[in-house]
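Here the structure comes first, spelled out in structure tokens, and everything after it is commentary.
No value in this document is a laboratory result; all are computed from the given coordinates. Bear in mind the structure is a predicted one, so any value in this text is a computation, not a measurement. Ideal geometry is used to build each Cβ from the backbone, glycine not excepted, and the neighbour counts take in all protein chains shown.
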């Protein structure tokens, strides 16, 4: 992994003079208060709708499945970086047996730690539903760069120049990178390269039309492109 990441210094997503939201050219991204308020309102309304009309009956069913599949809590909490590099607890339905490497080791194909029911949750992306509560708390958005576990950010942040620029906005339950094929395990430099490049593109080109496109692409990916959902 590291030998691939060391090649990132000359990658085309390296912006030496970016600081916060502003580039050396004076371009400002994602700072319009009115548009951000509308995005927040959409996050809250959609999250409340899904919690009241979907989670209220689906949560107990998934909880029963998790409890029957292995011992442990229903929810898995993991420390991840949010906006401004602030650490928060990201919620997921637990899909693995209790193990000491859950926070530091990525899930791999045919990972023995993943339960049978957990495999179903991962393939359908239902394991991400509890993050609706992160959205209500204001820690996440429905759409934005996917938050990575703190150990992963510490690794990638040291090796990939300007990696932390993705944290100038709230992380999302789904994002442009994930619905364009960059999801699941990071196996090579190109996996993280593609993710960061698309995360930066999203921040620099954000608009409501792009959010709606990502929502559509996400639904299509969940239904028909599950190759990397493990």
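May I ask you to work out the translational diffusion coefficient for the stretch 43-224 at 37 °C, viscosity 0.692 mPa s, via Stokes-Einstein with Rh from the Kirkwood sum over Cα pairs, reported in whole µm²/s? D = 194 µm²/s. Here the extension length gained between residue 150 and residue 98 equals 16.8 nm, from 0.36 nm per residue of separation less the Cα-Cα distance. Fewest neighbouring Cβ atoms within 10 Å first, the residues 217, 57, 206 line up as 57, 217, 206.
A simple spin-label model places pseudo-atoms 7 Å from Cα toward Cβ; at residue 52 and residue 215 they are separated by 1.7 nm. Exposure proxy shown here: for 167, 148, the number of other Cβ atoms within 10 Å sets the order, fewest to most, as 167, 148. Please work out whether the stretch 83-174 counts as rounded, prolate or oblate from its C-alpha gyration tensor, where a ≥ b ≥ c are the square roots of the eigenvalues and a/c under 1.5 means rounded, while otherwise a/b larger than b/c means prolate and anything else oblate? Oblate. Take the Cα of residue 133, step 7 Å toward its Cβ, do the same at residue 208, and the gap between the two points is 3.0 nm. In terms of surrounding Cβ atoms within a 10 Å radius of their Cβ, 52, 169, 186 rank from fewest to most as 52, 186, 169.
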